[in-house]
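**Student:** Pasting in a structure now, in structure tokens, and then I'll have a few things to ask.
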Amino acid sequence: MTINRRTFLARASAGAAAVALLSKSIRAQTAPATARAANLRYKISASDWMMLKRQKPGALQLAKDCGLDGVEVDMGPLGKRPTFENNLSDDKFRADYLAKAHELGLGISSLAMSAFYGQAFGKHEKAEEFAAQWIELMPKMETKIGFLPIIGIDDESVRAKTVQHLKVAAPLAEKAGVILGLNTQLDGDGNKKLLDDIGSPAVRIAYNCGEAIDAKRDVYAELRKLGKDRLAQIIPTLSDGVWLEHDKRIDVPKLKQVLDEMSWSGWLVLQRSRDAKKARDVKYNFSANAAYLKSIFQST
């Protein structure tokens, strides 16, 4: 059978288009999960220490098994040590850790200094040195968010020192292009005043819904008061007892609505909301909470 030149070119063009479409489809199916997660407005992670795997590569596979998009990694224990017991400062350990995260399609939502849950950042003599190390490590860990618990600032002298330390750290964070997320016990007005005193767009609030609800504060009003440009990340879980889906103290669809209205986007980091009868069963609890949050925040 013979065909003219016009028919030949038309068929060739159609064939090329089909090949291109197939190739695009294959790429979409095999694209790393990190690339797909990067396109999500809201991504779900969990703190590695709350998964009982602080700085352990096993936290990554566990996060994947729980259906998470990433992991919040901790700087390591401190206590009375001269510095953090931090494997992430080792180039090989860090490279291997990130390689595993890439293999599993996970992101690093944030780098935490959870040791300051146990002692006041404002009172530590090495606070500024530690903050500089933390900021330097964030880009190396491929994250732009840091998580720092702030306690003891009901004492004015501790509060003043905390502000002083963060005013020193803030320019370093601005230069590095990272955000320092502070987790405080303050209400909306208190958090705004603290950020105003520090005076840097690189210092924001890591807002813990559970702590606000335990203190009988209005989560939705506080989030609106803070505004999207003062939020580093959201911790949407509550105190332990039941899974997030069954805890009537928080309206998760309303939480999403408020964040949508604020045009905020970023990481939702799981910590608690564990079933009291199986509090240490990480996969059981984190899988359930991740699935619920995804059904609300990633359904459209």
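What follows is calculated from the coordinates using simple rules that are stated; it is not laboratory data. In this text, all values refer to a predicted model and were calculated from it rather than measured experimentally. In this analysis, Cβ positions are derived from the backbone assuming ideal geometry, glycine residues included, and neighbour counts consider all displayed protein chains.
**Student:** What's the exposure ranking of 264, 49, going from fewest to most Cβ atoms within 10 Å?
**Tutor:** Arranged by neighbour count, lowest to highest, 264, 49 become 264, 49.
**Student:** Sticking with this structure for a sec: Which of these, 64, 92, 53, has the largest mean-square fluctuation under a Gaussian network model of the chain (Cα springs below 10 Å)?
**Tutor:** Top of the fluctuation ranking is 92.
**Student:** With charges only on Cβ, +1 for K and R and -1 for D and E, what is the dipole size of region 71-182 about its Cα centre, in debye, rounded to 20?
**Tutor:** Here region 71-182 has a charge dipole of around 120 debye.
**Student:** What order do you get for 124, 246 when you list them from fewest to most C-beta neighbours inside 10 Å?
**Tutor:** On the way: 124 17, 246 11.
Arranged by neighbour count, lowest to highest, 124, 246 become 246, 124.
**Student:** Please work out which option in (1) 20.7; (2) 39.1; (3) 13.5 gives mean projected area of the Cα convex hull in nm² calculated from these coordinates, and answer with its label.
**Tutor:** Working out mean projected area of the Cα convex hull in nm² from the coordinates points to (1).
**Student:** Please name which of 263, 210, 179 has its Cα lying farthest along the dipole of the chain towards the positive end, using unit charges on Cβ (Lys, Arg +1; Asp, Glu -1) and the Cα centre as origin.
**Tutor:** 263
**Student:** Can I ask one more? From the phi angles alone, apply the Karplus equation (6.51, -1.76, 1.60; θ = phi - 60°) to region 241-246 and give each ³J(HN,Hα) in whole Hz, x where the residue is Gly or Pro.
**Tutor:** Each residue of region 241-246 in turn: x, 9, 5, 4, 4, 9 Hz.
**Student:** Something else about it: How far, in nm, would the chain grow between residue 265 and residue 215 when pulled straight, counting 0.36 nm per residue and subtracting the alpha carbon separation?
**Tutor:** Working: separation 50, 0.36 × 50 = 18.00 nm, distance 2.54 nm.
Length gained between residue 265 and residue 215: 15.5 nm.
**Student:** What would the Debye formula give as log10 I(q)/I(0) at q = 0.16 Å⁻¹ for the alpha-carbon point model of region 134-209, no solvent?
**Tutor:** Cα-only, vacuum Debye calculation for region 134-209: -0.54.
**Student:** By counting other Cβ atoms within 10 Å of each Cβ, how are 219, 163 ranked from fewest to most?
**Tutor:** The order, fewest Cβ neighbours first, is 163, 219.
**Student:** Which of 260, 187, 155 moves the most in a Gaussian network model of the chain with Cα springs under 10 Å?
**Tutor:** For the chain, modelled as a Gaussian network with Cα springs under 10 Å, the answer is 155.
**Student:** Which order, highest average first, do 97-107, 65-75 follow once you tally other Cβ atoms within 10 Å for each residue and take the mean per peptide?
**Tutor:** On the way: 97-107: 17.8, 65-75: 24.6.
The most tightly packed comes first, giving 65-75, 97-107.
**Student:** If you place +1 on the Cβ of every Lys and Arg, -1 on the Cβ of every Asp and Glu, and leave all else neutral, what size is the dipole of region 219-300 about its Cα centre, to the nearest 20 Debye?
**Tutor:** 180
**Student:** Let me ask another. Helix 127-140: angle to the longest alpha-carbon principal axis of the chain, degrees 0 to 90, nearest 10?
**Tutor:** Its long axis makes an angle of about 0 degrees.
**Student:** For residue 174 and residue 276, calculate 0.36 nm times their separation in residues minus their Cα-Cα distance, and state this gained length in nm to one decimal.
**Tutor:** Once the chain is fully extended between residue 174 and residue 276, it gains 32.6 nm.
**Student:** Rounded, prolate or oblate: pick one for region 197-293, where a ≥ b ≥ c are the square roots of the eigenvalues of its C-alpha gyration tensor, a/c under 1.5 means rounded, and failing that, prolate if a/b is larger than b/c, else oblate.
**Tutor:** The shape class here is prolate.
**Student:** Continuing with the same structure: Between residue 142 and residue 228, how many nm apart are label points set 7 Å from Cα along the C-beta direction?
**Tutor:** According to this spin-label approximation, the distance is 2.6 nm.
**Student:** For residue 103 and residue 239 in the same chain, what is the full-extension length gain: residue separation times 0.36 nm, less their Cα-Cα distance, in nm?
**Tutor:** Values: separation 136, 0.36 × 136 = 48.96 nm, distance 3.28 nm.
Answer, rounded to one decimal: 45.7 nm.
**Student:** Taking the Cα centre of the chain as origin, work out the dipole magnitude from +1 charges on Lys and Arg Cβ and -1 charges on Asp and Glu Cβ, in debye rounded to 20.
**Tutor:** Values: 45 positive and 36 negative charges, 264 e Å.
Dipole magnitude for the chain comes out near 1260 debye.
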